[in-house]
Each structure stands twice: as C-alpha cells, then as structure tokens.
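Below: the structure, in structure tokens.
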Amino acid sequence: MKYALRLVVEICGLFLCVCCFAADQTQTTYLYKGFDTSGTLVVEGILNLGINTTNRVQGDWNLHEVKPNKMKPLGPQLGSGKLVGQTNGDKIDLNLNPGWADNNVLLDGQVTTTNIFGTWGYYGFAGKIVGGKFEAAKK
C-alpha cells in the first residue's frame, strides 16, 4: 500500500510538471518551405513550435517533398516527427531528428515577428550532405 501511494503521488507530480511546462509555452504553427541551393522549392509543410520561458523549443513537423527527385537526397525531413531546439535572442536552432547520432536535418534561422528564415542542412557522420535555405511563415 505504501508503494502504491508513493506511485500515485509521483504520477500526480509528473502530471503537474507537464501541465505547468505546457502552460509556460508559446505555441505557434508555421507554414514551412525548404529550397535547394539553386532556389528551387523542394520541401513544404507545417512546423508546430512550442517555446518555453527558458528558450527551449519542442514541437513536431509534417513535411513532404514538392517534386520527387531521386538524385537529390533530402534526408529525414519527409513525413512527420518530433523536433527540439533552442532560441537565443532572435536566433533559433532546430533539430528535426533528436536522439539520432547522425542522419539529422538541422535548421539554423532567424526569428521575426511574422516568420523564421535561414538555412537547413542534412548531416551525417561525414558532415553536411546537402542543404539550402528555408522560410517559415506564421499560420
């Protein structure tokens, strides 16, 4: 009985922390467009970002390839997934593949009142494989 009560108290505490964390987040949805180095639109979709008071970013993404091209690898930014990152002033860094040691798509951007713009890159152990620019407008 003592252990069951302790488990209930811990679960309630965890639930309270999650609720408090979510309450301190600013949730924003962005319409995302990713371009290759020649400026051609290659990926588009949605980024949902939650930024808390400590400038940590959590959220999810749902992106699709605009015009399939087997010759240009885009990395694991097609489909959907979770993201993490951080802000520092008007700068934002996002990882679309948290928890992976390689095979990552990283966004490095600048935040304005209406959008985010910057560069994206698909990275492996050997370094950057491909990249381009991106823009994300508030929905």
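The values are calculated or read from the model by the stated rules, or taken from the named source; none is laboratory data. Please read all numbers here as calculations on a predicted model, not as lab measurements. Keep in mind that these areas ignore ligands, DNA and RNA; they rest on the heavy atoms of the full protein, side chains included. Shrake-Rupley method; radii C 1.70, N 1.55, O 1.52, S 1.80 Å.
Summary of values
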{"read-out": "For the range 53-64, Karplus couplings with θ = phi - 60° (6.51, -1.76, 1.60), whole Hz, Gly/Pro x", "value": "5, 9, 6, 7, 10, 9, x, 8, 9, 9, 10, 9"}
{"read-out": "Karplus-derived 3J(HN,Hα), 6.51/-1.76/1.60, for each residue of the range 84-101, Hz, glycine and proline x", "value": "9, x, 7, 10, 8, x, 9, 9, 9, 10, 10, 10, 7, 9, x, x, 9, 7"}
{"read-out": "Per residue value of the accessible surface for the range 50-139 (all protein chains in place, 1.4 Å probe), Å²", "value": "59 Å²"}
